[in-house]
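First up is the structure itself, then whatever we jot down about it.
The values are calculated or read from the model by the stated rules, or taken from the named source; none is laboratory data. All of these numbers come straight from a predicted model, not from anything done at the bench. Glycine also receives a Cβ, built like all others from the backbone with ideal geometry; neighbour counts cover every protein chain displayed. Heads up: the accessible areas ignore ligands, DNA and RNA and are worked out on the full protein's heavy atoms, side chains in. Shrake-Rupley method; radii C 1.70, N 1.55, O 1.52, S 1.80 Å.
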Amino acid sequence: QAQLVESGGGTVQPGGSLRLSCTASEHIQGYYAIGWFRQAPGKEREALSCITPADDTTYYVDSVQGRFTISRDKNTVYLQMNSLNPEDTGEYYCAATRVLAFYVREICKKEKFDYWGQGTQVTVSS
């Protein structure tokens, strides 16, 4: 049974940075894609970034492009978040899928992912 555990959340001032980690129970190469998602209060869970470990192809939604960076090692996927603003506040989740796609952007949607972590809270406030 796949297990994902997020860590690294916390409270940061606007303009600050955080690095989130998602550790998988199995080597992440066993999944087609790993993604980071955010759910703000009262909002739908949305994709932020995804990576395909087989070739390290990455995808970012426009709202985080240039500010967030997704990366990985053997068992962990990271999300480096810079230039944070209050709109980045929310519960951050990592997720994994074995579903295949030709393009990572096609799979980087919450309905495509099967395995989810418990989430880690990120609060950006002065």
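Set side by side, the residues Glu44, Glu91 differ, and just one is of a type in the set (D, E, K, R) and within 13 Å of the chain's Cα centre (by Cα), which is Glu91. For the structure I just gave you, tell me whether Ile28 is under 17 Å from Gly8 (Cβ atoms), open to solvent by less than 10 Å² (accessible area, probe 1.4 Å) and touching a Ser or Thr at 6+ places or on another chain (Cβ under 8 Å). Taking the combined requirement at face value, the residue satisfies it. Take Gln65 and tell me if it is in a loop (DSSP other than H, G, I, E, B) and under 14 Å from the mean Cα position of the chain (by Cα). Yes; evaluated as a whole, the condition is true for this residue. Scanning region 77-99 for residues being open to solvent by 20 Å² or more (accessible area, probe 1.4 Å) and at pLDDT 95 or above gives a total of 10. Residue pairs whose Cβ atoms lie under 7 Å apart, separated by 6 or more positions or on different chains, with the first residue in region 58-69 and farther than 18 Å from Ala101 by Cα and the second open to solvent by less than 60 Å² (accessible area, probe 1.4 Å) and in a loop (DSSP other than H, G, I, E, B), are Arg67/Asn82.
Hey, does region 39-47 have a residue that's on the phi > 0 side of the Ramachandran plot and either open to solvent by 40 Å² or more (accessible area, probe 1.4 Å) or hydroxyl-bearing (Ser, Thr, Tyr) (or both)? Within region 39-47 (the criterion being on the phi > 0 side of the Ramachandran plot and either open to solvent by 40 Å² or more (accessible area, probe 1.4 Å) or hydroxyl-bearing (Ser, Thr, Tyr) (or both)), the answer is yes, since at least one residue qualifies.
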